[in-house]
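Reviewing the structure listed below.
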Amino acid sequence: MATWFNKKPRIAPVKPEEVDTRRQQPSRMQGLWAKCEECNEIIYRAEVEKNLNVCPLCSHHMPWPARARLQALLDEGTFEETDRELEPTDPLGFTDSKRYRDRLRATRRALEENDAFVGGVGRIEGHPVSVGAFVFEFMGGSMGSVVGEKVTRLFERATERRCAAVVFSASGGARMQEGIFSLMQMAKTSAAIAGFREVKKPYISVMLHPTTGGVAASFAWLGDVILAEPKALIGFAGPRVIEQTIRQKLPDGFQRSEFLLEHGMVDAIVPRKDLRTKLGTLLGLMG
């Protein structure tokens, strides 16, 4: 009779090379329950998803996958994705604790996404839009050369179709593994917006949690109307970096969307349940 200590474990150990992949598994693989980071309550996941990934107890806005966001906010059946085939490469042969090309491969396999941005065309309450959303789960939504190209094409499509542009930003900033190729996307996307201005159609920028670094410092803050979700962290450098640089304590709520609204940096804070209606109203007034 076998003793308890020499029986095989029921749960197989995770190999070190699979850790990143497991961490990036989408929410559908994470069980029946979710824990709210704000109120620490355990909630049935189906109830959270039904509420647009907003805690039904404290209204905390949890991360919301890009494709679920686009499906919920655009008119049913109108979204047509473009540029899905674009994939980032490793122009610098970058290596830190892991080779960049291996990190890309693992992330693509885990998320079934080629990069950190999903773009296309669709309609919001009948209004045609060129639209895109960041996939924050893909390397922190960082902007490399492919993400910059997709955002640029979003504005070029809006220019060609003479329709409005809507971007949902959630990013840690430029992708360091691509060096200057990443930083160049700030100028590239901003130039695309300058060309888009000629058709006199609105660009609505929606800042999610978090929107920082090179994304915030370029196209995300160039919208005709800038909206934000509640309590989103928005800014260039993070609060800790700023405090260490200026050696001063920052005000409470610094760089949160409520602080930015008070200081005139965003136009409105819109809860997720109201966002589709707000976008439809703005597009009707401006488009």
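Read the figures in this text as sums done on the coordinates, not as results from a lab. Predicted model, so just to flag it, every value in this text is computed and none were measured. Note that each Cβ is placed from the backbone with ideal geometry, even for glycine, and that neighbours are counted across all protein chains shown.
Farthest towards the positive end of the charge dipole of the range 127-232, among the residues PHE138, GLY213, ALA228, is the Cα of ALA228, using unit charges on the Cβ of Lys, Arg, Asp and Glu. Taking the Kirkwood radius as Rh and the Cα radius of gyration as Rg, the range 138-254 has a ratio of Rg/Rh equal to 1.01. Running a GNM on the chain with Cα contacts under 10 Å, which residue among MET139, MET176, MET186 ends up with the highest mean-square fluctuation? Checking each option, the largest mean-square fluctuation is seen for MET176. Based on the convex hull around the alpha carbon atoms, the chain presents an average projected area of 19.1 nm². Summarising the label geometry, the points placed 7 Å from Cα in the beta-carbon direction at GLU258 and THR89 lie 4.8 nm from one another. The gain in end-to-end length when the TYR44 to THR281 segment is fully stretched comes to 82.0 nm, 0.36 nm per residue minus the alpha carbon separation. Across the cross-link table entries LYS50/LYS278; LYS35/LYS150; LYS200/LYS231; LYS35/LYS98; LYS201/LYS278; LYS50/LYS201, which are compared at the Cα atoms, the separations over 28 Å belong to LYS35/LYS150; LYS200/LYS231; LYS35/LYS98; LYS50/LYS201.
3J(HN,Hα) along the range 241-254: 5, 5, 4, 5, 7, 8, 6, 9, 7, 7, x, 4, x, 4 Hz, from the Karplus curve 6.51 cos²θ - 1.76 cosθ + 1.60 with θ = phi - 60°, whole Hz, x for Gly and Pro. Using a Gaussian network model of the chain in which every pair of alpha carbons under 10 angstrom is joined by a spring, one finds that among GLN185, GLN248, GLN71 the greatest mean-square fluctuation is at GLN248. Over the residues of the chain, the helix contribution to mean residue ellipticity at 222 nm works out to -10000 deg cm²/dmol, using -39500 (n - 2.57) for each DSSP H run of at least 4.
Per-residue Karplus couplings for the range 155-165, computed as 6.51 cos²θ - 1.76 cosθ + 1.60 with θ equal to phi - 60°, are listed in order as 6, 5, 5, 4, 5, 5, 8, 6, 10, 6, 10 Hz, Gly and Pro entered as x. Along the range 272-287 the Karplus relation, 6.51 cos²θ - 1.76 cosθ + 1.60 evaluated at θ = phi - 60°, assigns HN-Hα couplings of 4, 5, 9, 5, 4, 5, 5, 4, x, 5, 5, 5, x, 6, 9, x Hz to successive residues, with x for each Gly and Pro. Net charge of the neighbourhood of ALA170, taken over other residues with C-beta under 15 Å away and scored Lys/Arg +1, Asp/Glu -1, is +3. Amide H to amide H, with H built 1.01 Å from N, PHE117 comes under 5 Å of VAL135, counting only residues 5 or more places away or on other chains.
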